[in-house]
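The values are calculated or read from the model by the stated rules, or taken from the named source; none is laboratory data. Predicted model, so just to flag it, every value in this text is computed and none were measured. Backbone-built Cβ (ideal geometry, glycine too); neighbour counts: all protein chains shown.
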Amino acid sequence: MFLDLAANKVIIADKETFKIAVEVKSFVGLSAVTDFHLAIGQFLNYRLALEELEPDRILYLAIPDDIYYNFFQDTFIQKVIHQYSIKLIIINPKQGEIILWKPSLINN
């Protein structure tokens, strides 16, 4: 599983006193719903793997800002994010910058 983590755009980093891993998803497929299902399934599997390998590392799912503001505002999507306690990083891929951490890294 660890090799799979490295192959799928998972970024391992230390931010201040926090150890994080970030799974980056682009949502460029034909269906945002299908991309969402794949992203959530992979995220949950990666989180379980990290719990065994590096239990002190926090996993985030990074998604483009347009997907967050258009697709992730759906009530069902919000319920899934809440139910599975998925931490998000919203990025602007064109500018290459982080727009928002949900929840904030400081509040973890």
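Restricting the search to the stretch 49-83, which residues are loosely packed, with under 13 Cβ neighbours inside 10 Å, farther than 15 Å from residue 20 by Cβ and not charged (D, E, K, R)?
Passing the criteria: 69, 70, 73, 75, 76, 78, 82, 83.
Could you tell me which of the residues 37, 82 is more than 10 Å from the chain's Cα centre (by Cα) and under 15 Å from residue 102 (Cβ atoms)? Write out each step before concluding.
Details: 37 fails: under 15 Å from residue 102 (Cβ atoms).
Of the residues listed, the single one that is more than 10 Å from the chain's Cα centre (by Cα) and under 15 Å from residue 102 (Cβ atoms) is 82.
For the structure I just gave you, tell me whether residue 55 is modelled with pLDDT under 90 and in contact with a Pro (Cβ under 9 Å, 6 or more places away or on another chain).
No; evaluated as a whole, the condition is false for this residue.
Give me a count of the residues in the stretch 17-46 that are outside any strand (DSSP E or B), touching a residue at least 40 places away in the same chain (Cβ under 8 Å) and closer than 11 Å to residue 63 by Cα.
Number of matching residues: 3.
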